[in-house]
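Engineer: Quick one: structure below, then a few questions.
A short reminder: the numbers here are calculations on the coordinates, not readings from a lab. Remember, predicted model here, so these are calculated numbers, not experimental data. Cβ sites come from the backbone with ideal geometry, for glycine too, and all protein chains shown count toward neighbours.
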Amino acid sequence: MAVRCLITAGPTREFFDPVRFISNPSSGRMGYALAAAARAAGWTVDLVSGPVALPEPAGVMLYPVVTADEMLRQTDALFGPCDVLLMCAAVSDWRPAVRRPSKVKKDGRGLTVELEPVPDILSALAARRRPGQVLVGFAAETEDVEANARAKLERKGVDLVAANSVAGPEGAFGAEHNTLVLVGRDGFRRQLGPASKDEVARQLVAEVSARISAR
Ligand code: CTP
């Protein structure tokens, strides 16, 4: 069966002047591992990626973006025909309310930057999903990992949430290894890993494959 998969990966950046931004420590590794695993499963892969220092995975269409707005526009354009969405990107939740056109000069005093929320990409896509599409969100949590992930299933309108602990030195950001707890609306729960991000990605793609075949 031909499967078309849309994957987001990496962080987003939100600039408040031409040389300064807020972001997060996402390396993009999990999303890129998912792209490789999806490709290995024979899926057609569109990868929308924030700024990362990783080689382009072979055999996928890569769409580089920087800001949450750019990621929203690009995923929106690719979402219609996709069968599977793996929303792995660590979207920076706020952006500076004002982006100044020239570099802010230091004057020896502090600087206050007002932040406003960015659009919730996953919720926006889920609101116009087609029957048969499988939507997977990711939950980066520092506490109550599983309970928070379950709450996101409903809030975001997705089928599965893969929960990730990002707390402390064992956290997922930038690490080689990962443990995900995959939860579903029907009470489904399965732990993936601990294993390399490549292996965890392979297991997640296998879970999603099983759901597509069941439909
Ligand atoms: N997400 C998104 N757009 C945003 C923020 C998050 O699409 N502006 C997606 C992430 O890619 C992930 C899921 O929503 O798949 C959950 O992200 P997470 O940061 O864990 O949760 P938030 O919704 O931001 O909630 P909170 O920060 O309160 O935990």
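Engineer: What are the semi-axes of the equivalent ellipsoid for the stretch 63-126, taken as the square roots of 5 times the Cα gyration tensor eigenvalues, largest first, in whole Å? Mind showing how you got there, number by number?
Structural biologist: Numbers: eigenvalues 205, 27, 16 Å².
Sorted largest first and rounded, they come to 32, 12, 9 Å.
Engineer: Rounded to the nearest 20 Debye, what is the dipole magnitude of the stretch 1-140 about its Cα centre when Lys and Arg each give +1 and Asp and Glu each give -1 at the C-beta?
Structural biologist: Numbers: 16 positive and 13 negative charges, 53 e Å.
Here the size comes out at about 260 debye.
Engineer: Let me know the Kirkwood hydrodynamic radius for the stretch 36-85, please, with Cα pairs as the basis and the value in Å to one decimal. Write out the running numbers ahead of the final one.
Structural biologist: Details: mean 1/r = 0.0855 Å⁻¹.
About 11.7 Å, per the Kirkwood formula over Cα pairs.
Engineer: Here is a follow-up. Report, ordered by chain and residue number, the aspartates and glutamates lying within cross-link reach of K197, taken as a straight Cα distance under 17 Å and ignoring same-chain residues fewer than 8 apart.
Structural biologist: List returned: E56, E170, E176, E207.
Engineer: Which peptide among 15-27, 79-91 comes first, and what is the full order, when sorted by highest mean count of other Cβ atoms within 10 Å?
Structural biologist: Numbers: 15-27: 16.2, 79-91: 22.4.
Highest mean packing first, the order is 79-91, 15-27.
Engineer: Now for a separate question. Return P(r) of the stretch 111-214 (all Cα-Cα pairs; 5 Å bins starting at 0; whole %; ordered from short to long distances).
Structural biologist: 2, 12, 20, 21, 20, 13, 6, 3, 2, 1, 0
Engineer: Treating the chain as a set of equal point scatterers at the Cα positions, no solvent, please give the Debye-formula log₁₀ I(q)/I(0) at q = 0.18 Å⁻¹.
Structural biologist: After summing over all Cα pairs, the log10 values are -1.33.
Engineer: While we're here: What does the highest-first list of 42-52, 182-192, 100-110, 118-128 look like by mean Cβ count within 10 Å? Before the final figure, lay out each step's value.
Structural biologist: On the way: 42-52: 21.4, 182-192: 14.4, 100-110: 7.8, 118-128: 17.2.
Sorting 42-52, 182-192, 100-110, 118-128 by mean packing, highest first, produces 42-52, 118-128, 182-192, 100-110.
Engineer: By how many degrees, 0 to 90 and rounded to 10, does the Cα axis of helix 68-79 deviate from the longest principal axis of the chain?
Structural biologist: The angle comes out near 30 degrees.
Engineer: Quick one: angle between helix 29-40 and the longest Cα principal axis of the chain, in degrees between 0 and 90, rounded to 10, please.
Structural biologist: With rounding to tens, the tilt is 30 degrees.
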